[in-house]
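*Asks:* Pasting in a structure now, in structure tokens, and then I'll have a few things to ask.
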Amino acid sequence: MNILLCAAVLAFSIQEEYRHAWSGFGIGSWMTYRNFEKGPKDERSSVIRMSLTKVQADQVTIRIEALVNGKPTGSRETPTSTKMPEAKRVREETLDIDGKSIACVLYEQVVEDKSGQERVRTWYSREIPGRIVKEESEASKGQKSAKAEGRISRIGQRVQIGKHLLTYAVYERTETYSDGRRVHLARWVSEEVPGFVIREEVRTTLGSAEKVTTRELLDFQVK
């Protein structure tokens, strides 16, 4: 069991409150982004293209390619489930997000096995791009533990990407680990884009060491 479930895996596709990041797009839809990593000792960057190659009832297949001078240097096909793991519908709530009242549905999931336990509470809404409004999680595995809290901080933002004027929301999450690590994620989310991500920054710190990974959308096409 992972010490902390990725929100993207939990985020989309139970009933109408959920939508997987590649659901609703046709075969041939694609997005290209630049990935930049900066650590204590080195830096590196790459350009990645993700394309939708197959759509099934509860699964999509994504082709991931690394590009050099605009040409693919290698690729892999990745089947991805669009179904959310079982979660309990707890109640409906209204949350104040960026000065606006947002109607949400709270779901809770508890995963437990011999290695440990994880409890995830997620608030979803069709009013918010990406559908995640707020989340809380706690996980323990032996002597290790982790906590995460995330929520939408801004809505109704606009940005120009090439010829596209996109509307997005800003989602921010902070993770803390028992070994002293701290991870802060900031993501610009738009359902107009395959994969939903316009920009993402992940900042990981441990003591005085820091690593920053940035992902920026370059272009996309919807089929």
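*Asks:* Count, please, the residues in segment 86-110 that happen to be assigned to a strand (DSSP E or B), small (Gly, Ala, Ser) and closer than 14 Å to GLU17 by Cα.
*Replies:* Number of matching residues: 1.
*Asks:* Let me ask something additional. Assess whether THR174 counts as being assigned to a strand (DSSP E or B) and surrounded by fewer than 19 Cβ atoms within 10 Å (Cβ to Cβ).
*Replies:* The answer is yes for THR174.
*Asks:* Which condition number in (1) over 15 Å from ARG187 (Cβ atoms); (2) in contact (Cβ under 8 Å) with a residue 60 or more places away in the chain is the one that ALA148 fails?
*Replies:* (1)
*Asks:* Another one. With the checklist (1) in contact with a His (Cβ under 6 Å, 6 or more places away or on another chain); (2) at pLDDT 95 or above in hand, flag the one item THR82 doesn't pass.
*Replies:* The one condition THR82 does not meet is (2).
*Asks:* Within segment 140-188, count every residue that is under 18 Å from the mean Cα position of the chain (by Cα) and of a type in the set (Ser, Thr, Tyr).
*Replies:* Total meeting the criteria: 6.
*Asks:* Being modelled with pLDDT of 95 or more and of a type in the set (S, T, N, Q) is the filter; apply it to segment 33-69 and report the residue that is farthest from the chain's Cα centre (by Cα).
*Replies:* THR53
*Asks:* Something else: Just one of (1) touching an Asp or Glu at 6+ places or on another chain (Cβ under 9 Å); (2) in contact (Cβ under 8 Å) with a residue 40 or more places away in the chain; (3) over 21 Å from THR214 (Cβ atoms) trips up SER51, so point out which.
*Replies:* Unmet condition: (2).
*Asks:* Find all pairs meeting these conditions: Cβ atoms under 6 angstrom apart; at least six residues apart or on different chains; first residue within segment 72-85 and under 16 Å from ARG49 (Cβ atoms); second residue exposed (fewer than 13 other Cβ atoms within 10 Å of the Cβ).
*Replies:* Short answer, once both residue conditions are applied: none.
*Asks:* Moving on to the next point. Applying the selection to segment 111-128, what residues are crowded, with 19+ Cβ neighbours inside 10 Å and either within 13 Å of TYR18 (Cβ to Cβ) or basic (Lys, Arg) (or both)?
*Replies:* If the condition is that a residue be crowded, with 19+ Cβ neighbours inside 10 Å and either within 13 Å of TYR18 (Cβ to Cβ) or basic (Lys, Arg) (or both), then THR122, TRP123, TYR124, SER125, ILE128 are the ones that fit.
*Asks:* So for segment 199-210 (the condition being buried (at least 16 other Cβ atoms within 10 Å of the Cβ), assigned to a strand (DSSP E or B), more than 17 Å from the chain's Cα centre (by Cα) and at pLDDT below 95), does at least one residue qualify?
*Replies:* No, that holds for no residue.
The values are calculated or read from the model by the stated rules, or taken from the named source; none is laboratory data. Being a predicted model, the structure only gives us computed values, none of them experimental. With ideal geometry, Cβ positions are generated from the backbone for all residues, glycine too; neighbour counts draw on all protein chains shown.
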